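Computed from the coordinates by the stated procedures, all read-outs in this text should not be read as laboratory data. This one's a predicted model, so the numbers in the text were calculated from it and none came from an experiment.
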Amino acid sequence: MKKLLKNMAVLFVGYTAFQPVAFAAKSPWSIGVGASYSPAVYRGTPTNRMVIPILGYEGEHFFMRGFGMGYRINPQGSTHNLVIRAIYDPRTFKPGDSDIEEMKLLDERDDTVLAGLSYQYSTLFGMLETSVGADVLGVHNGVYGEVAWRLPLRFKNAGITPAFGYSYNDNKLNQHLYGVSQAESNRTNGRINAFDINGSGQFFVGLSAYYVIADQLTVNGGVRYTNLEGGIENSPVLDSTEATTATIGITYSF
């Protein structure tokens, strides 16, 4: 069940990161179906491919996008906005998913919920968004920050949005996701070295698009490339520090 939720969240995160329907649909509610692809993160684990349902709501202040929701202080489209938000963080590791014996001896990395604030500044040249948030379930008590720039380009029945940015994880969040304790290393008889990591981050670049097929029917999708940097690159549990995630879906507004 947790693996299903993880794959669902991967798709929803990709869907909500771009949210093209918000600019195209006449109704705030939308339902649909989508598919996602994301590569393996941890050594010996499979890639994630999933087809799942989509549910969204986009109001002037409140919005709900998959496993995330938020409230804008000012109406949607305002030049300046402060957004209170919460989102399910699907990043997990289940040792049994790996086909490498020493990886099976490590601790699980549990999912959690991240909550925080975002400041948005919209101009003719795109939107700058800065965010800060933290684990609110006590899984790792980590803190993250992110700066992103998005440039929505709208046409009659379609639109594209290039985006790029940088996100930062503190040492608690990084250690939870990519670190290895001495106890874990001992369990593997030293085949996986203990690994402590400080705060560091990742660059990302993405492109999303939508096309309105009919009045209430929209096809949308996106691709996002992420490159982990700093000490994370030396983590002995990672399969790769680069990842490209892709999503595609079709939604009906009602």
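Before moving on, here are some points about what is shown:
- Mean residue ellipticity at 222 nm, helices only, the chain: -4000 deg cm²/dmol; runs of at least 4 DSSP H residues each add -39,500 (n - 2.57), and the sum is divided by the number of residues.
- Note on the chain: Lys pairs 8 or more places apart or on different chains, Cα atoms under 15 Å apart, count 5.
- For Cα extents along the principal axes in Å, calculated from these coordinates, the label among [x] 61, 33, 27; [y] 63, 46, 34; [z] 52, 43, 34: [x]
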